[in-house]
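Notes follow the structure.
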Number of protein chains: 2
Amino acid sequence: MSSIHETTLQVKADSFSMAALPGDIRNKALQAIIDNLQSHRAAIFAENAEDLKRGEEAGLPQPIMKRLKFDEAKLADVCAGMEGLQSLPDPLFRTLLSRQLDEGLILKQVTCPIGVIGVIFESRPDALVQIAALCLKSGNCAILKGGSEAAHTNRILFDLIHEAGVSAGIPSGFLTLIENRADIDELLKCDDAIDLLIPRGSNAFVQYIMNNSKIPVMGHADGVCHIYVDKDADLDLALPVVLDAKTQYVAACNTVETLLVHQAVAPTFLPKLSAACCDAHVKLVGCPRSMEYIQGEPCTDADYRTEYLDYILTVRIVDDLDEAIAHINRYGSHHTDAILTESEEAAQRFMLLVDSAGVYQNCSTRFADGFRYGFGAEVGISTGKLHARGPVGLDGLVTYKYKLFGHGQIVGDYAEGRSSFHFKDL
Amino acid sequence: MSSIHETTLQVKADSFSMAALPGDIRNKALQAIIDNLQSHRAAIFAENAEDLKRGEEAGLPQPIMKRLKFDEAKLADVCAGMEGLQSLPDPLFRTLLSRQLDEGLILKQVTCPIGVIGVIFESRPDALVQIAALCLKSGNCAILKGGSEAAHTNRILFDLIHEAGVSAGIPSGFLTLIENRADIDELLKCDDAIDLLIPRGSNAFVQYIMNNSKIPVMGHADGVCHIYVDKDADLDLALPVVLDAKTQYVAACNTVETLLVHQAVAPTFLPKLSAACCDAHVKLVGCPRSMEYIQGEPCTDADYRTEYLDYILTVRIVDDLDEAIAHINRYGSHHTDAILTESEEAAQRFMLLVDSAGVYQNCSTRFADGFRYGFGAEVGISTGKLHARGPVGLDGLVTYKYKLFGHGQIVGDYAEGRSSFHFKDL
């Protein structure tokens, strides 16, 4: 048995008592973590400086260096996030269903933690704090593997969080840090101990995880988001929304990649869009019909499936709403897609028929985010349809069990007509 | 492209309009199906007689022949089930969350179908009707592969259901029947068209499906259920409950396989149990300590993990409640486990710490069933922890999407402090 496997089995053993911890102990632990991080801020920043120094020596690109930085502002953010989590209602022990099956035979469906969750995340050290806090609040044990660029910062954050949690009465297995990339492959084999994997990272990485583990995976494989400018769109509203969705943060999964424009408004809207994109350094690639109205290059079928994560936008003119819907369901990644229209009927049809986690009317796709939805934080965004869909907060980290309370009832009596069910929701 | 793949892509295309159908059309279709089945009862029974004849010629075992039979009683059952489904509330278009994120920016979380569901089921033709009805009521398209023993009955049931559904205005792709076993492997490759697979059958078969498809799978891999007789158990209640859980239907997944007995009551309870099991032709295999009190053979570690599906029961004496809980979490399959006790404290601890879909006090494990839970019917029982757990009815066949209604809001305004979120649940 590998040492990783042994570790995960110990975590599994602790996960059962974790599931029984009352909410006030989990909240007290969150407070202890806030206090411990704040009183060791200098040490955290010193470790972060070490990571930044190594990153600079290694010539890491600016966006990664920016995400790597853990300063006063980031510390304040994660502590505010944990304060927010403390005040959210306990996601555990909620009764979802309470039903009398027969006299003296009561069924209850009650929320409980999933158990042991493995999260593999990118270079942002603040993600470590957020994920640890979400898992703790929801009664789950978390096994974390962060980006190696952030190794020093992750290590001190982990030590401080673990120390504070255990001192508040949380089992030691509530949080585990995995530091070697090679250990990920060991982790993928531990399907007897880990209940859920949440990989955050590139599409290729998520696919690799899915193809190499029997453990259920919750993650998003791709973010090919669309905006459809309808014939009844307010075009003055449309331009800033498209620009925000494309440029506010190009590397995010909820950034728009393809713009679909109704043929009736294309001649008016596209030239304005083209000029605005030129100003914003966004390169356009367009369908043959659109080339009459935009400055750009012709697009291929492959462009329709591409998550650029860059200052590039595909443009296609469609005949009508249904062609836009068909395009999105065919080429999209079921992440987040928006319609810009003043027609309630068109919006309703779009939102019913587009098969995506987020369907928006008259706003930017960039709103697809756990914090912006009021979830406090998120462990990721799911483009799968099972369990949790879209930004995943506390609700996505719990499951339920059915509790049945009887007085000696046996099924034979019901099968042979001596008793019968009288369902009554309580 | 294989013909199966083409078929599934057509089904996928129909699944989008299926998701938009109002509940009254789906209910009317259920009524049309009831009517069509009832007015063609003679033809159905004739086809079933053909299957039964072939089954007899092939020497199928009696339990399979019994499940294969589709007579007046089975027809009445499935029609009553569909009437029950008609009267259940629509699982679609339910608003789970309605939240103002800011003035004029409203988030709604609304239920919708999963999409296309592939169900591979055993030789019971009534399962075909139940699964088709559950998928229809929940707005999903279903692709069904039934047992080949029931080919004639399945074909006529499918034809009648499909004809009635289409005549009631349901898209043709709502139901598809796959008839060749070899086509299952083609089906497993259609991850661009099928959203969920539900295999019903042996553990080995479910594992095969999980290992050979990228499509998410919901199924139960094993049913190793336990009953723990606590020191505070009412022993008069315990004996009939254990016998019911073992013998009422030995081939079911919710049948008890291992009995754990507190050492304090073992000397009183086990001799009575041993005698009763002898009368009921249940063979006992026991731990060394238990051999003093029972007639049976010594058990091995492997017995603790075995789903017998037969008149065999493993018996183990435990020192206390926590040893029982640890045994169940270690050897069980997280299906359904019961404690027999008059102590509320012991029951509460057991139900919190046992990590199973069903945790019962003072009743038979055989109650783990969608019909007995009041779900109308079930597509299966899930021992996974994600999405749906335990018996899966309509709720397990829906997902949700987030709808965001705005007036041109962009994220840049919130990121740069010109706007801020004001979360308010509506």
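Just a few scattered comments:
- B:His422 fulfils the conditions (1) facing chain A (nearest Cβ under 7 Å); (2) assigned to a loop (DSSP other than H, G, I, E, B) except for a single criterion, (1).
- Single condition A:Leu60 does not satisfy, out of (1) buried (at least 17 other Cβ atoms within 10 Å of the Cβ); (2) in contact with a strand residue (DSSP E or B) (Cβ under 8 Å, 6 or more places away or on another chain); (3) in a loop (DSSP other than H, G, I, E, B): (2)
- Complete set of residues in segment B:2-45 that are out of contact with any Leu (no Cβ under 8 Å at 6 or more places or on another chain) and of a type in the set (Val, Ile, Thr): B:Thr7, B:Val11, B:Ile25, B:Ile34
- Considered as a group, the residues in segment A:10-57 that are assigned to a loop (DSSP other than H, G, I, E, B) and over 25 Å from the mean Cα position of the chain (by Cα) include one that is nearest to A:Gly169 (Cα to Cα), and that residue is A:Leu21.
- Residue match in segment A:220-227 (condition: under 30 Å from A:Ala13 (Cα atoms) and not acidic (Asp, Glu)): yes
- Filter result for B:Pro240 (farther than 18 Å from A:Ile410 by Cβ, modelled with pLDDT of 95 or more and surrounded by fewer than 24 Cβ atoms within 10 Å (Cβ to Cβ)): no
- Within segment A:243-282, the set of residues being touching a Phe, Trp or Tyr at 6+ places or on another chain (Cβ under 8 Å), of a type in the set (Val, Ile, Thr) and surrounded by fewer than 24 Cβ atoms within 10 Å (Cβ to Cβ) comprises A:Thr247, A:Val250, A:Val282.
- The C-beta contact set for segment B:1-25 (first residue closer than 12 Å to B:Leu187 by Cα, second residue among the small types (Gly, Ala, Ser), distance under 7 angstrom, 6+ apart or interchain) comprises B:Thr8/B:Ala193; B:Leu9/B:Ala193.
- If you go through segment A:291-309 and keep only what is among the hydroxyl-bearing types (Ser, Thr, Tyr) and surrounded by fewer than 16 Cβ atoms within 10 Å (Cβ to Cβ), you end up with just A:Thr300.
- Qualifying helices (runs of 4 or more DSSP H) (wholly inside segment B:204-314; at least 2 residues being within 14 Å of chain A (Cβ to nearest Cβ), of a type in the set (A, V, I, L, M) and touching a Gly at 6+ places or on another chain (Cβ under 8 Å)): B:235-247
Okay, residues lined up against (1) in contact with a Gly (Cβ under 6 Å, 6 or more places away or on another chain); (2) crowded, with 18+ Cβ neighbours inside 10 Å; (3) farther than 30 Å from B:Ser420 by Cα:
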site	(1), (2), (3)
B:Ala32	no, yes, yes
B:Ile44	no, yes, yes
B:Asp51	no, yes, yes
B:Arg54	no, no, yes
B:Met65	yes, no, yes
B:Pro91	no, yes, yes
B:Leu97	no, no, no
B:Gln100	no, no, no
B:Leu105	yes, yes, no
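- Enumeration of residues in segment B:119-171 that are among the basic types (Lys, Arg), over 25 Å from B:Tyr400 (Cα atoms) and modelled with pLDDT of 95 or more: B:Arg155
- Tally, over segment B:113-127, of residues that are more than 16 Å from B:Ala193 (Cβ to Cβ) and under 12 Å from the mean Cα position of the chain (by Cα): 2
- Any hit, segment A:104-120, residues being without any contact (Cβ under 8 Å) to a residue 40 or more places away in the chain and away from chain B (no Cβ under 14 Å): no
- Selection from segment B:139-176 of residues that are crowded, with 16+ Cβ neighbours inside 10 Å and either in contact with a Lys or Arg (Cβ under 7 Å, 6 or more places away or on another chain) or not assigned by TED's automatic domain parsing to the domain that holds B:Ala46 (or both): B:Gly139, B:Ala168
The values are calculated or read from the model by the stated rules, or taken from the named source; none is laboratory data. Since we're looking at a predicted model, the values are computed, not measured. Every residue, glycine among them, receives a Cβ derived from its backbone with ideal geometry; neighbour counts consider all protein chains shown.
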